[in-house]
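The values are calculated or read from the model by the stated rules, or taken from the named source; none is laboratory data. These figures come from a predicted structure and were not determined experimentally. Using ideal geometry, Cβ is built from the backbone for each residue, glycine included, and neighbour counts are taken over all protein chains shown.
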């Protein structure tokens with residue numbers, strides 16, 4: 001096992017700065033989990049013997065679950081380990097819920113840093129983006145989890161917190177404007193620093209992601225985020241199988257579980273394929289602009305260069321990659 | 001009704017004038033404290049980025065495309081065709097040098113079209129935009145004939161600023177992909193040319209308060 005680990009470390013150059021601490025944490029947690037898993041296994045055997053074999057998970061399922069339970073933090077996996085875990089998760093989804101998903105572990109595209117701009121003048125509050133996001137990212141229908149908030153704002157206000165985030169009437173209303181907020185994918189993200197298990201980090205393309213399996217649900221990141229960008233699962237999310245988005249990414253819209261943190265990932269499952277995030281694609285007014293900040297010809301660069309742009313709470317030096325602009 | 005619409009737009013515009021001033025001041029502050037970080041990162045990124053090969057060129061957009069005959073900062077770009085989406089096209093089916101004297105003329109005429117476009121003093125007329133002699137085409141005020149797939153040229157003669165933003169990417173929207181071939185929506189796939197203001201409607205969903 002240790003030999004294998006050394007090999008991985010060689011393969012995994014990009015995450016080297018934190019490696020020693022990661023390793024320490026990992027072992028600590030793993031020792032703890034091993035004990036817990038044994039207890040769980042005993043428990044399930046006891047239960048199964050009481051209820052007959054019909055409820056007993058198949059051998060295949062037990063094996064898959066076992067391997068899933070002891071997998072590493074995504075950032076420390078080799079490419080082939082990433083591939084193995086997504087195949088396992090696909091298989092488990094098939095066995096447990098009878099849905100055929102296709103899960104990707106595609107890495108960031110080199111030379112890409114994603115940026116987002118929101119046109120405050122253009123948004124009319126139709127909330128098509130919110131509906132599309134819920135669908136694309138398999139958000140819990142029961143508690144109505146949403147990554148995006150749209151605020152109806154009085155003239156002169158500038159902080160979304162001062163706006164009305166739960167309007168439901170015909171829009172747009174005269175004399176108001178609309179402002180969307182979601183995870184801003186800060187370059188200097190306070191949530192990442194707050195996480196005690198390194199379950200959340202910034203990818204090379206600037207997307208702040210969560211390894212759901214590594215999240216212990218302490219919600220420190222939620223408290224650390226000054227933009228209310230993170231959402232917590234108090235229950236297992238419920239998504240009807242036929243409404244589920246089957247094209248998934250390990251760091252994106254795959255199914256989360258109770259006690260795990262989730263958030264906007266700029267639709268990593270789409271953007272790494274060159275597609276636009278679901279909210280951008282769904283917006284009927286063109287208020288949402290998305291693209292590569294490192295590409296001088298991109299729309300986002302055009303906006304940053306030619307429009308009056310601003311970011312929220314800049315004084316906190318979180319350095320968000322989400323700008324607002326007006327015409 | 002028309003006055004109503006105009007009032008809204010004026011009101012909205014004024015809000016944003018005040019806003020513009022506010023943001024300008026703020027922008028000054030930003031420039032002062034916001035150097036470094038991601039702003040510096042992107043400003044230093046001046047090398048061209050080739051995203052052409054990121055997207056499978058064989059991916060067909062569900063709609064037909066036409067090459068826009070203006071270039072944007074990245075070169076060529078495309079827009080979706082319109083003619084195949086206009087139910088009454090070709091116009092020359094009926095408008096063919098003869099009076100439209102079919103018995104059902106009243107029914108098939110364009111009673112559904114209400115022009116709510118342009119200032120109150122000088123509202124636009126059908127033939128400000130449509131070519132009287134060949135209805136299949138549009139026409140500018142200077143008499144340049146324009147294909148209906150290229151209506152951005154028609155709109156652009158009066159809405160110069162919006163057209164510039166549309167070309168650059170700050171008005172309108174790109175279709176489906178941020179990488180690869182750039183395809184954008186045409187003006188008329190968002191704006192009804194006859195009453196271009198967006199209609200009020202109910203939002204697609206609603207939000208619970210955050211916990």
Meets criteria (touching a helix residue (DSSP H, G or I) at 6+ places or on another chain (Cβ under 8 Å) and in contact (Cβ under 8 Å) with a residue 12 or more places away in the chain) for residue A:115: yes
Tally of residues being over 19 Å from residue B:54 (Cβ atoms) and in contact (Cβ under 8 Å) with a residue 40 or more places away in the chain across region B:154-173: 2
Region A:70-111 - residue that is in a loop (DSSP other than H, G, I, E, B) and farther than 17 Å from residue A:251 by Cα and, of those, nearest to the other protein chains (Cβ to nearest Cβ): A:111
Filter pass, residue A:180 being in the same structural domain as residue A:135 (by TED's automatic domain parsing) and in a loop (DSSP other than H, G, I, E, B): no
Count of region A:144-164 residues which are more than 20 Å from residue A:119 (Cβ to Cβ) and within 8 Å of chain B (Cβ to nearest Cβ): 2
Of residues in region B:185-211 being more than 8 Å from chain A (Cβ to nearest Cβ) and in contact (Cβ under 8 Å) with a residue 60 or more places away in the chain, the one surrounded by the fewest Cβ atoms within 10 Å (Cβ to Cβ): B:197
Unmet requirement for residue B:176, which otherwise passes all of (1) at the interface with another protein chain (Cβ under 8 Å from one of its Cβ atoms); (2) free of Cβ contacts under 8 Å to residues at least 60 places away in the same chain: (2)
Condition broken by residue A:162, with the remaining ones in (1) surrounded by fewer than 14 Cβ atoms within 10 Å (Cβ to Cβ); (2) touching a strand residue (DSSP E or B) at 6+ places or on another chain (Cβ under 9 Å); (3) not assigned by TED's automatic domain parsing to the domain that holds residue A:315 satisfied: (3)
Residue within region B:158-167 that is part of a loop (DSSP other than H, G, I, E, B) and buried (at least 19 other Cβ atoms within 10 Å of the Cβ) present: no
Any hit, region A:129-144, residues being crowded, with 20+ Cβ neighbours inside 10 Å and part of a strand (DSSP E or B): no
